[in-house]
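The values are calculated or read from the model by the stated rules, or taken from the named source; none is laboratory data. Since this is a predicted model, take the numbers as computed values, not measurements. Neighbour counts run over all protein chains shown; Cβ positions are idealised from the backbone, glycine included.
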Amino acid sequence: MEKLYDSIIIGGGVIGCAVARYLSRYNGSFLVLEKHNDVGDETSSANSAIVHSGYDPKPGTKKAIFNVKGNKMMPQVAEELDVPFIKNGSLTVSFSDEEDETLKELMERAKENGVRAELIEHDELLKMEPNLNPEAHKAILCPDAGVISPFNLCVNFMENAMDNGVELRLNSKVEKVEHDGDIFRVTLESGEAFEAKTVVNAAGLYSDEIAAQLDDINYHVVPRKGEYYVLDHFNENWVKHTLFMCPTKVGKGVLVSPTSSLDYIVGPTNEEASKTDTSTEASVLAELKATAAKLVPQIPYFENIRQFSGVRANSSVGDFVIEESKKNPGMFNLACIMSPGLASSPAIGEYVADLVKDKLHLEVNPNFNPRIRKHIRFTKLDRDEYNKIVKENPKYGKVICRCETVTEGEIVDAIHRNCGARTVKGVKKRLRPGFGKCQGTFCQNDVIKILARELNVSPDEINYSDLNTQIMKYDVKGGN
Ligand SMILES: Cc1cc2nc3c(=O)[nH]c(=O)nc-3n(C[C@H](O)[C@H](O)[C@H](O)COP(=O)(O)OP(=O)(O)OC[C@H]3O[C@@H](n4cnc5c(N)ncnc54)[C@H](O)[C@@H]3O)c2cc1C
């Protein structure tokens, strides 16, 4: 007889991984099915990575409730899961009398949502952010906003879930979900099938399509693309807060922000797109430059190291859909999880795990460990710690990525953890080699060789990301 899982989670984005982590607090059997060769390879790794404070969503909406709670949970989550997180605060800036009025309304919203916010006048604002456009009027400061590594948040949620017993199947695209009134049957594209008492649909951009297999849904995902510039970490003090434009009738404008690795991002645009379109376009990026100049007139684009885009799973009903199916109880649809989904992820994960726990009357897992094993980060060590660690393991003395200062020891560790890296992109997301100025030109071959050695395969079998994306076709010189 096939194993009957307590719950199958479809989708290993930040939402599915968060649900998995919080479900692992209970005794049960849980399986995550992810179609890619790693977790977090879609929207969860291509976004602004802001842990929004929650001042902005309409009070009473799911977005407001989960964002505010997620923001409060994030510092502890980041600490337990060893995720880079900086509480740098956000400033939402006005440039006209009309926008000053909007700020007043947003202050009211912040109060209703229970979010700390303070109005900052022109002179103080320019002292806080000297590179801001001097035509700025005022700003709302939300000190609880922050920036996080979206890659590490997602991966480490999953690592923690697996440490606590959750199973993960990569390269497992779900094609069909069926319900016989008692048991759910989840069939992959490959034909392989799994059975469960409950299903959590966390399929991101495709969550509406999965939900529609079992329900007559009244919502759908509206894909909207956002393009960005990434600037290298050239100066820690260039911009300290996340700078937002004041929202207008036309849109939310763009942001300029440090990232958790002290790079800077400028973006995102907001364009109609298909669910799979993550291209960037020169003409759109030129418009982005013009828009962002209103916020920060002198943006050093000569520090630009990359452009990227992500696709939002916007909601046709204007809010997150987080509900148990009425027609097929036991199916939990987490659909249209647009921004602020990343910021909301711990709160959504905890809430949905509790829905499943209540449904199945699961007991608390007495062995649940909320922490993952701490990473050794070369750049965070003082000289004495460094010398001690290198003595114990000389691989920590060999720098592989010079731009981001990542050692061989860190890469080997990232490969051998639960939810470990098995691709070049997987190593890049976890540790940043390839994210720096040279974009992997110098370190990529070494990363491939380390992956091959540690996974006991040949270098030409190492994929960039998904299956069949090998970089090395054959070995020219023999040996490696
Ligand atoms: C431009 C942009 C900016 C954003 N900025 C922010 C921000 O600053 N702060 C914030 O809080 N939020 C932000 N967001 C929103 C945030 O990124 C999302 O809310 C969040 O990543 C959604 O996570 P998810 O797990 O629902 O979706 P995803 O990350 O897309 O994960 C879904 C997963 O399901 C898998 N999947 C899909 N179909 C199947 C299938 N059939 N079988 C198996 N697996 C499947 C996919 O491969 C994917 O890994 C932004 C989004 C964008 C695009």
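Of the residues that sit in the range 336-350 and are in a helix (DSSP H, G or I) and more than 6 Å from the ligand (Cβ to nearest atom), which one is surrounded by the most Cβ atoms within 10 Å (Cβ to Cβ)?
Taking the candidates together, the pick is Ser344.
Does the range 439-447 contain at least one residue that is in a helix (DSSP H, G or I) and either among the acidic types (Asp, Glu) or farther than 24 Å from Pro150 by Cβ (or both)?
Looking for residues that are in a helix (DSSP H, G or I) and either among the acidic types (Asp, Glu) or farther than 24 Å from Pro150 by Cβ (or both), one finds at least one in the range 439-447, hence yes.
Does Ile462 satisfy being out of contact with any Asp or Glu (no Cβ under 8 Å at 6 or more places or on another chain), at pLDDT 95 or above and among the hydrophobic types (A, V, I, L, M, F, W, C)?
For Ile462, the condition - out of contact with any Asp or Glu (no Cβ under 8 Å at 6 or more places or on another chain), at pLDDT 95 or above and among the hydrophobic types (A, V, I, L, M, F, W, C) - is met.
Residue by residue through the range 38-55, note down the ones that are near the ligand (Cβ under 10 Å from one of its atoms) and among the polar types (S, T, N, Q).
Thr43, Ser44, Ser45, Asn47, Ser48
Of Lys62, Lys58, which residue is touching a residue at least 12 places away in the same chain (Cβ under 8 Å) and either within 14 Å of the ligand (Cβ to nearest atom) or touching a Cys at 6+ places or on another chain (Cβ under 6 Å) (or both)?
Lys62
Working carefully through the options Ser29, Ser24, find the one that is more than 7 Å from the ligand (Cβ to nearest atom) and buried (at least 24 other Cβ atoms within 10 Å of the Cβ).
Ser24
Take the residues in the range 198-214 that are more than 9 Å from the ligand (Cβ to nearest atom) and out of contact with any Gly (no Cβ under 8 Å at 6 or more places or on another chain); name whichever of them is farthest from Lys225 (Cα to Cα).
Here the answer is Leu214.
Return the residues of the range 61-115 that are over 20 Å from Ser257 (Cβ atoms) and among the aromatic types (Phe, Trp, Tyr); say none if nothing qualifies.
Phe66
Residues are listed down the side, and each one gets a yes or a no for (1) crowded, with 17+ Cβ neighbours inside 10 Å; (2) over 22 Å from Lys35 (Cβ atoms):
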residue: Gly397; (1), (2): no, yes
residue: Ile400; (1), (2): yes, yes
residue: Glu404; (1), (2): yes, yes
residue: Pro433; (1), (2): yes, yes
residue: Cys438; (1), (2): no, yes
residue: Asn445; (1), (2): no, yes
residue: Lys449; (1), (2): no, yes
residue: Asn456; (1), (2): no, yes
residue: Ile471; (1), (2): no, no
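Quick check, is Asn218 free of Cβ contacts under 8 Å to residues at least 12 places away in the same chain and surrounded by fewer than 20 Cβ atoms within 10 Å (Cβ to Cβ)?
Against the criterion (free of Cβ contacts under 8 Å to residues at least 12 places away in the same chain and surrounded by fewer than 20 Cβ atoms within 10 Å (Cβ to Cβ)), Asn218 does not qualify.
Does at least one position in the range 9-16 carry a residue that is modelled with pLDDT of 95 or more, farther than 30 Å from Glu461 by Cβ and not polar (S, T, N, Q)?
Within the range 9-16, one or more residues are modelled with pLDDT of 95 or more, farther than 30 Å from Glu461 by Cβ and not polar (S, T, N, Q).
Looking only at the range 351-367, which residues are surrounded by 14 or more Cβ atoms within 10 Å (Cβ to Cβ), touching a strand residue (DSSP E or B) at 6+ places or on another chain (Cβ under 8 Å) and of a type outside the set (Val, Ile, Thr)?
Correct list: Tyr351, Ala353, Leu355, Lys357, Lys359, Leu360, Leu362, Asn365.
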